[in-house]
Amino acid sequence: MTIDVTAEDAGARHTALSLLSQQTRDLIDAVVMTDVPQDELLAVTAELAALTERLNALRRDSTRGFDLGSDGVPRHPGNAVIGSANPLALPLAVETTPERTARAELSFRPAHEGPPDSVHGGVSAMILDHLLGHAAAVAGFPGMTASLTVHYRRPVPYGEPLVATAEYTRSEGRKNWADGRIALPDGTPLVEATGLFVTPSGWITRGDPA
């Protein structure tokens, strides 16, 4: 039997998955910050086990795929950084500026803590890795990360508004570079990064970089 899924049905399902993912993010932060008694912890754990069993009643054989938008940037609901259907994602909402650079307003959560009261350096690097790749893609040079150099200038706080930006800088053949940073709203840099992205030969079509 074949089940036809309309665009409207797919959209409604994606909305439901996004709502579930956001509720799961709230749950993760609640777990990190809770101070309820042990009996309550055990009771909630039992409830979560039952909910997990319900979701596992029908599982996919692979993760959700992605497609390319008109700007050449991948759209991926399961992505660990931007995926609205991935509870591990912020999710990061990246904007493309008129200058073809990338920008995102963000706020990290307690679950992202590394040093006390600060975001884990690996989480900051992951965000910048994605943002730099976005900047290269909207400039016309999509690619896979080959290297990422990160400089940590100041501790990155969680629970406070921050701004991340990135811009494509140059190319050499299939190698493409971009620079970016996470900063306070006043522009004070907290983390800076440079990334090298290589365009796979299979992605290159006539008119693209060679």
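Each peptide among 42-48, 11-17 gets the average number of other Cβ atoms lying within 10 Å of its residues, and from highest to lowest they stand as 11-17, 42-48. Per-residue surface analysis assigns MET33 an accessible area of about 120 Å², computed on protein heavy atoms at 1.4 Å probe radius. Over the chain, dividing the summed -39,500 (n - 2.57) contributions of all DSSP H runs of at least 4 residues by the number of residues returns a 222 nm mean residue ellipticity of -10500 deg cm²/dmol. When peptides 130-142, 180-192, 19-31 are ranked by their average number of other Cβ atoms within 10 Å per residue, the highest-first order is 130-142, 180-192, 19-31. Pull out a ≥ b ≥ c, the square roots of the eigenvalues of the alpha-carbon gyration tensor of the stretch 111-210, then state rounded if a/c is under 1.5, prolate if not and a/b is larger than b/c, and oblate in the remaining case. Prolate. Could you tell me whether the stretch 157-201 comes out rounded, prolate or oblate from its Cα gyration tensor? Rule is a ≥ b ≥ c as square roots of the eigenvalues, rounded for a/c under 1.5, then prolate if a/b exceeds b/c, otherwise oblate. In terms of gyration-tensor shape, prolate. Simple spin-label estimate for TRP203 and GLU160 gives 3.5 nm between the two label positions (7 Å along the Cα-to-Cβ direction from each Cα). Given the options LEU27, SER62, THR145, identify the residue whose Cα lies farthest towards the positive end of the charge dipole of the chain (+1 on Cβ of Lys, Arg; -1 on Cβ of Asp, Glu). Final value for the positive-end residue is THR145. Relative to the Cα centre, the charge distribution of the chain, modelled as +1 at Lys and Arg Cβ and -1 at Asp and Glu Cβ, gives a dipole magnitude of about 800 debye. Angle of helix 7-33 to the longest C-alpha principal axis of the chain, folded into 0 to 90 degrees and rounded to 10: 70°. Under 18 Å from a label point set 7 Å out along the Cα-to-Cβ vector of ASP186, the amide N atoms of the stretch 119-156 belong to 153-156.
Assuming a ≥ b ≥ c are the square roots of the Cα gyration tensor eigenvalues, decide whether the chain counts as rounded (a/c under 1.5), prolate (otherwise, with a/b larger than b/c) or oblate.
Oblate, since a/c reaches 1.5 and b/c is not below a/b.
The values are calculated or read from the model by the stated rules, or taken from the named source; none is laboratory data. What you see is a predicted model, and the numbers here were worked out from it, not measured in a lab. Here Cβ is always computed from backbone atoms with ideal geometry, including for glycine, and neighbour counts include all displayed protein chains. What goes into the accessible areas is simple: the full protein's heavy atoms, side chains included, and nothing from ligands, DNA or RNA. Shrake-Rupley method; radii C 1.70, N 1.55, O 1.52, S 1.80 Å.
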